[in-house]
1. Residues that are at pLDDT 95 or above and under 27 Å from residue 161 (Cα atoms): which strands (runs of 3 or more DSSP E) entirely in the range 229-343 hold 1 or more of them?
């Protein structure tokens, strides 16, 4: 039987095996999901959680106001300051007493007018506003024709006399200095668009919930069909969370309370009147952002949201959401993901979440793919991203990726076509480090968006067998774990060692290394080496991954035995980078990979004689060994750490998004 036919037959059987495994995993997962719905202990925990009493709640509100006043550098404007037209949208649900109690006192700003839009207020509201006019000038505009939010506000702006417009929902209660803070930010920021406020839940008479943020801007969350849901940013967070205390750029500020230059508002065409009663302020912010204006969130303009925080005329309608997505989803799709990659929090507070598909994970894991993903993941976290591990045999169904933005598979068994995700822009990445023939054989390989490979040879192989252009991303080391500051340990002391397991597949080390012929102490770590008679006296059992740095620090030379799945493709094993980062010399049989990464510097053996000569030389000539390893260590630490790889991955993702947008 031809060799290729045998290969295809084996891969075909493997494909059937993996599909059956995934089908069984899905069935098991669905059964567990049904059980979880029947009994949900989390609901019981939440229902029994202690609540704040009213006194504690009111004190927390007062403390929040005091803290905000201490942090706020209040600028006192003079009477000739730019005039602001405060346009308040009111309806029958609004609590007029709550809104206007201390309204004038809290304004502080000297030059303003108040225009109230009456959307079917209570009958006695006229008497209320008559009394209010004794404090300051209030104009009342009745929306008797039931015009949409955009139409009535655009019409109202025409009669407004202020240089600036402040749009305010009536279910809010501003605190001291709120408008001064907005104006100060507006005047101090170059190319200002909209400036928005911080809105905090203000239901002081309700002890059932803790005090939480309602909004510090507008957030955009992608759905499975590629559309976007629009929500209040940071809703439910604690008001003192660090992210809420920093002034920051926003793609869109909260539409419940924001300030804008009137001339700019008119230049943008005002509110888009094609909307019925939703997304007008968000739409305006995005138009400004797209034009290059800066929409700013001001953390010190503190406003409380009243009990009836939802205006029945302003509920997000399905028609408006469709209209919004038809207009903005293409713009948002790349920008929201790019915002997460750059960790700017302009479009969303969500961190980019990257998932690694691995064979197993956790404290008891022994699979090399997990440790590779773990080290890469630690470096990726330094970018401000979140990392998770999708275990093939774990308790969860590894294709459920609702909260994942990028998935990197280290296993050819992972079928990206099975992924269940709520995000249409999920980026699927394959990272084959061995078994390249298997990776490219399976039909699901075509479903990956990006392919990372460890060598130029594997790069060419992938191109020839799949047509995909792969990005060169070799393995690397974690210098925080592997370095020459690790003290030697007596338990691991030896002259040279090997770490790796024997799975009844041929390995060159079996033929090329004979410790009995060498006058040096040899330790062998891994599984099943007791099955090889000549290695049995040197076998020290399996070594836990966390102890490998101690081993490398306690030996002079590490033997690298690249197996058949990596050697022919020039893939360099992790142990090479890890040992060199610890300041320990490596001798390798992976000639192709060594030449590509290290040039002629890394010692290579192809025969038993060559290996013995290298061991004899570098174990006797300490200066030669030390000088060489110092050179190699410097090269690895500067060029081949997972922090290098994380930056490379970030760059590759950005380039991919730009290609998709072009």
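1. Numbers: elements: 248-250, 257-261, 294-305.
Passing ranges, in order: 257-261, 294-305.
Here is a yes/no grid of residues against (1) touching a helix residue (DSSP H, G or I) at 6+ places or on another chain (Cβ under 7 Å); (2) modelled with pLDDT of 95 or more; (3) surrounded by fewer than 19 Cβ atoms within 10 Å (Cβ to Cβ); (4) in a helix (DSSP H, G or I):
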{"site": "363", "(1), (2), (3), (4)": "no, no, yes, no"}
{"site": "366", "(1), (2), (3), (4)": "no, no, yes, no"}
{"site": "376", "(1), (2), (3), (4)": "yes, yes, no, yes"}
{"site": "384", "(1), (2), (3), (4)": "no, yes, yes, no"}
{"site": "393", "(1), (2), (3), (4)": "no, no, yes, no"}
{"site": "396", "(1), (2), (3), (4)": "no, no, yes, no"}
{"site": "403", "(1), (2), (3), (4)": "no, no, yes, no"}
{"site": "414", "(1), (2), (3), (4)": "no, yes, no, no"}
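The values are calculated or read from the model by the stated rules, or taken from the named source; none is laboratory data. Remember, it's a predicted structure, so these values are computed and weren't measured experimentally. Counting neighbours? That spans all protein chains shown, and the Cβs are built from the backbone with ideal geometry, glycine included.
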